[in-house]
Amino acid sequence: MVDWVKLELDVEGFDDAGFERYLRRAQSSGTRFTTMADLGDAPEHRRVLYELNRTCSADIPDRGPFYTYDEYAAQRLDVATYNPGGVIIAVQGDEWIGMSATSLHPDRGHAFSDMTGVLAPHRGKGLSLALKLLAIRFVRSSGYRRLVAFHHPQNHAAIAMNRRLGFVDQAR
Ligand SMILES: CC(C)(COP(=O)(O)OP(=O)(O)OC[C@H]1O[C@@H](n2cnc3c(N)ncnc32)[C@H](O)[C@@H]1OP(=O)(O)O)[C@@H](O)C(=O)NCCC(=O)NCCS
């Protein structure tokens, strides 16, 4: 059984100023940040989101086969917790190069980081930090204080990314 690494961030205590430079750096090199809500939560955009999520998920340890599009739509998009305003997209030219999807869970009193992914050629440049800064602002403006993320213990990059942002181990 996988012993998931369960992390949590207090978004009220999060220091936006410490991460704004990653957003500015990406923007000054031509990356645009938007959301599924702003792009339009239309079938063609859902397909592009699916492809981006599928490609990035191939690097998650032990992820196994990814959903078919219909499974993805049923489990991630056509659900009450899906919020197109909480799906941040990084775009370069016409290409979607990164994403951070967050869902809100009023029953549990927290927001959940469903998936953050950056296409391999664009990694190591702080793009995930820029995406998550915007995701954290979405969580805060939605009235939530806690953002939770679960990772496979071998997903060192994702765990390091979240710890860099100030995520700590959830109390067991
Ligand atoms: C995890 C992922 C989103 C990071 O994206 P990225 O844009 O390359 O990350 P950044 O350049 O913003 O790096 C942010 C921090 O993460 C850590 N990090 C990123 N890649 C790392 C790696 N390969 N090894 C160790 N730490 C890493 C570092 O702490 C880094 O901050 P620093 O450079 O200031 O020390 C990317 O590797 C990815 O898409 N992986 C596949 C999908 C995935 O596993 N998603 C998480 C599951 S939800």
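Values as computed for the structure displayed
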quantity	calculated
Hull-based mean projected area of region 48-87, where the convex hull spans the alpha carbons, in square nanometres	3.1
Region 129-167-region 1-79 distance, computed between alpha-carbon centres (Å)	11
Cα convex hull of the chain - mean projected area over all directions, nm²	9.9
Region 5-169, relative contact order in percent, only Cα pairs under 8 angstrom and at least six apart counted	35
Average Cα contact separation per residue, region 81-172, under 8 Å, 6 or more apart, as relative contact order %	24
Most fluctuating residue given options E20, E44, E12, as computed from a GNM of the chain linking Cα atoms under 10 Å	E44
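Since every read-out is calculated from the coordinates, none of them should be taken as a lab result. Computed from a prediction, not measured in an experiment: that's the story for all the values here.
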